[in-house]
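Below is one structure, written out as structure tokens; the observations come after it.
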Amino acid sequence: MSKTSTTAAAAAAALLLASAAACGAESDTGEVVITCGTCQESPTDPFLQYNYEAAQRFNEEFAGRYRIETIENANAGSSDDRLQYYQRLALADDLPDLFQLNSGEIKALQETGRLHDFAPALDADPDWAGTFQDHAFDALTGGGGEVWAIPQQRDAIGIYYNADLLAAAGYDEFPSTWDEFESLAAVLESEGKTAIAMDGDWSTMLMWVHLIGTHPGGAAFLDEGIEDGDWGSDDAVVAATERLRSWHEAGYVNADAFSGDFQNAAAAYLTEDAAMVSNGPWFVATNLTTDAAAPGLYEKTGYAPAPGWAAGERGAIVVSGAGWVSGAVEDRELEAVHAFARFVSSQDEVLAQAAATGANPPVDVDPAAAADAGLEPLATGLVEQAADLAYTYPHARVHGPAGFSAAWKNLWPAYVEGDMDTGEFLQRLADDAAATGLGG
Amino acid sequence: MSTPTIPRPQILGAGPGGAAPPERGAAPRRRTARRAGGIPRGMRRAVALSLLPGLALFGTFFLVPFAVMVATAFADWSGLRLDWTGLANYRALLDDPVFFKALGNTVFYAAASVLVQVPLGVAVGMVLALRPPGWKAIRTVVFIPFVISGAAYAVIFSMFYNPRSGLLNNALAALGVRGDRDWLFDSATARWAVAGTFVLVIGFTVVLVMAEITSIPKEVYEAATVDGASTWQQLTRITLPLLRNVIGTAILLRLLVDIGMFDLVFILTAGGPDDATATLALYAYRAYLTGEWGYANAVGTVIIAIGLVLIVSVRRVFRIGERT
């Protein structure tokens, strides 16, 4: 190699080192730069899009002090291998300074020891900590009192229904008991309609959780019992599982109810083939008000709490099961992370997020401000109803093992087809779901 | 009649301007420049240097990961900790019914390839080699599925099999056959439905076979025609035996794809229902997701061992590389 080329190579290496150094946590101007793994623009995911816009507003407000750099991340949205992706980053000490995960994933990822604990920051700022709703941190708190995430939302999840289809079947109101629900389903089935749309994954699990949570003792299972391996001895779980299976056998659900793709369940509801579907408030923004929905469907749609096993015992899933987590370790970066956590949990931002995504605020907000923000009435209506329900309970993904969803998708179709009995299904579901997690 | 002179190619260094060959009986010249068939001594360093980047990449991205995989298959490795456990992962494999289910499914897919896909590809290739009307268009149509990415292909077939809106059930319903079967998520049909997505992807075999047939001398067929052999006899007695090499190659390539099959199954069924469609590669991936990296690598090692056995076996059976 000639002297000239050697010199050029050395210069290039020096330039690379210099530019790498410039990518550190602090720029020459003293501005602290932090990375965000879930702040990229997205034309299809309103949550990511909100995050992107919030990061821009944060950068504007804290210009010169803190700046968020967006990482383009193919695993930013919901996916089965998202946890594994972050586990790899954690093992390489390369977690983003900010990103979002659901509670099951947080539980698994904190085992790497690389997640930041927000508890000291919340303890040091009781005014900020006091803004959050009761139980907002339940699903995000570790066994030693660590707070692994700042909650992103606090939602009530019920069942969407097409009021016109229900009226045509002779029901002017949403059924208040599961028996009534099944009577309605039978009428709809006889008219060639699908009573309830499911996907073999998310929306099927929601119905399973509704059936468990509204059963006496079921909420306790979803809160705590789900962490134990013996699900088959829980009466609420057994009854709920068998009842849900019977709906498939009776033809109350869509034919493609095992696909694992929520869009199949959504399509059945949006085309008015199905009268009901369970999902969270974001369903309005992501499906109900899109071009995929039948004209006028939004106006026909109601959002109700789940029926009960007995009259007056209705319930709803109440979750703050996802939140902002941090892999930052340096003090200056953590200062910026805490500033962002305060920023996104401010009243203005939670209302902006609610308007953009339909997700409800994790903090208490001024009712007048909430009214002015034009929040989705279907979602806020259910939140108000949830306060008076007999049962509120978390989603199985909140306290359940991180591998629950994959295990469910694999086993549920076989169980419904009769390949295994309820005891075997629940035992294998518990075992397979618990297998996920580093060092598990 | 004079004997025609056969022009011979000039040999480097021996033609005009080159060194004359040593005369018989003359003392042999010292071979200072290079050994026979070797690299000239003066170029060895340059050759070695030019190989270094490639060797470094090969070592970094194949040899090292391969060694890590084989070594950690003997460990309880989760990324967080590594405990050497000897043959424990392999013993666990032997006790794991899901492993055998995945192995059985992989063998099933491989059998579908060997028994249906490759024979069909060979048959179509042989027919198209006869240049029937429209053969070029048919060849193009047959080849198109081969160039579609596995993921896109899986999405297309998940729509095709959709029990509510898919083409298959709607076509069956139009024929008066039960039209609501969930082909991919019914344990009785799931494996067959997955195999059905790839057994008709015969374009690669068709093209291989057509290319090979083109290389068979026309004189062989002309002689057969003179001897009164029918077209069928020419296909079965001449063409097919001469395709031995290419059929073996097609089977080998397809088997190597099958033992590593992942994307198609992952997108179509994620291995369900109840692992009825899971493959070894998908099973290894699941173990990796659950933090059982050593166990996943044991499965990976088994996949590679099967691959090696297949390569040796198929090469021997079809005598790949030997002259026909």
Please identify the pairs in which a residue from region A:112-125 that is assigned by TED's automatic domain parsing to the domain that holds A:ASP93 has its Cβ atom under 8 Å from the Cβ atom of a residue that is polar (S, T, N, Q), counting only partners at least 6 apart or on another chain.
A:THR112/A:GLN87; A:LEU115/A:SER326; A:HIS116/A:SER326; A:PHE118/A:SER326
Considering only residues of region A:384-411 that are at the interface with chain B (Cβ under 9 Å from one of its Cβ atoms) and not aliphatic (A, V, I, L, M), which is nearest to A:TYR303 (Cα to Cα)?
A:LYS409
First in region A:313-326 and at pLDDT 90 or above, second anywhere and among the acidic types (Asp, Glu), Cβ under 7 Å, 6 or more apart
A:SER326/A:ASP97
Turns out the helices (runs of 4 or more DSSP H) fully within region B:107-198 with at least 2 residues that are loosely packed, with under 15 Cβ neighbours inside 10 Å and within 14 Å of another protein chain (Cβ to nearest Cβ) are B:150-161, B:167-174
Taking the stated definitions as given, is A:GLY260 surrounded by 21 or more Cβ atoms within 10 Å (Cβ to Cβ) and away from chain B (no Cβ under 14 Å)?
no
Selection from region B:206-240 of residues small (Gly, Ala, Ser), in a helix (DSSP H, G or I) and surrounded by 15 or more Cβ atoms within 10 Å (Cβ to Cβ) yields B:ALA224
Do the conditions hold for A:ALA414, that is, is it without any contact (Cβ under 8 Å) to a residue 40 or more places away in the chain, more than 17 Å from the chain's Cα centre (by Cα), more than 10 Å from every other protein chain (Cβ to nearest Cβ) and part of a helix (DSSP H, G or I)?
no
Leading residue by the ranking (surrounded by the fewest Cβ atoms within 10 Å (Cβ to Cβ)) among those in region B:268-283 that are of a type in the set (A, V, I, L, M, F, W, C) and either more than 8 Å from every other protein chain (Cβ to nearest Cβ) or not in a loop (DSSP other than H, G, I, E, B) (or both):
B:ALA281
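Results for (1) surrounded by fewer than 21 Cβ atoms within 10 Å (Cβ to Cβ); (2) part of a helix (DSSP H, G or I); (3) touching a Leu at 6+ places or on another chain (Cβ under 9 Å); (4) within 14 Å of another protein chain (Cβ to nearest Cβ), shown as yes or no for each residue.
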site	(1), (2), (3), (4)
A:THR38	no, no, yes, no
A:SER42	yes, no, yes, no
A:PHE47	no, yes, no, no
A:ARG57	yes, yes, no, no
A:ALA63	yes, no, no, no
A:ASN73	yes, no, no, no
A:ASP94	yes, no, no, yes
A:LEU109	no, yes, yes, yes
Regarding A:ALA265, is this residue farther than 15 Å from A:GLY315 by Cα and buried (at least 18 other Cβ atoms within 10 Å of the Cβ)?
yes
Out of A:SER278, A:SER246, sole residue that is outside any loop (DSSP other than H, G, I, E, B), surrounded by fewer than 22 Cβ atoms within 10 Å (Cβ to Cβ), of a type in the set (Ser, Thr, Tyr) and at pLDDT 95 or above
A:SER246
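Every residue, every condition in (1) within 27 Å of A:PHE425 (Cβ to Cβ); (2) in contact (Cβ under 8 Å) with a residue 60 or more places away in the chain; (3) basic (Lys, Arg), yes or no:
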| site | (1), (2), (3) |
| --- | --- |
| B:ALA211 | no, no, no |
| B:LYS218 | no, no, yes |
| B:ILE238 | no, no, no |
| B:THR249 | no, yes, no |
| B:ASP258 | no, yes, no |
| B:PHE262 | yes, no, no |
| B:VAL265 | yes, yes, no |
| B:ALA287 | yes, no, no |
In region A:355-384, which residues are over 21 Å from A:ASP138 (Cα atoms) and touching a residue at least 40 places away in the same chain (Cβ under 8 Å)?
A:ALA356, A:THR357, A:GLY358, A:GLU376, A:LEU378, A:ALA379, A:GLY381
Test set (1) more than 14 Å from chain B (Cβ to nearest Cβ); (2) modelled with pLDDT under 85 - A:ASP81 fails condition number
(1)
Taking region A:126-154, which residues are without any contact (Cβ under 8 Å) to a residue 60 or more places away in the chain and part of a loop (DSSP other than H, G, I, E, B)?
A:GLY130, A:ASP134, A:GLY142, A:GLY143, A:GLY144, A:GLY145, A:GLU146
Residue check for A:PHE174: aromatic (Phe, Trp, Tyr) and farther than 30 Å from A:GLY327 by Cβ
yes
Checking the structure you have, find out if any residue of region A:136-152 is crowded, with 24+ Cβ neighbours inside 10 Å, under 16 Å from the mean Cα position of the chain (by Cα), over 30 Å from B:ASP186 (Cβ atoms) and polar (S, T, N, Q).
yes
Quick one: which helices (runs of 4 or more DSSP H) sit completely within region A:165-224 and have at least 3 residues that are in the same structural domain as A:VAL237 (by TED's automatic domain parsing) and farther than 23 Å from A:LYS409 by Cα?
A:178-190
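The values are calculated or read from the model by the stated rules, or taken from the named source; none is laboratory data. Owing to the predicted nature of the structure, the values given are computational and were not obtained by experimental measurement. Please note: Cβ atoms are built from the backbone with ideal geometry, for glycine as well, and neighbour counts cover all protein chains shown.
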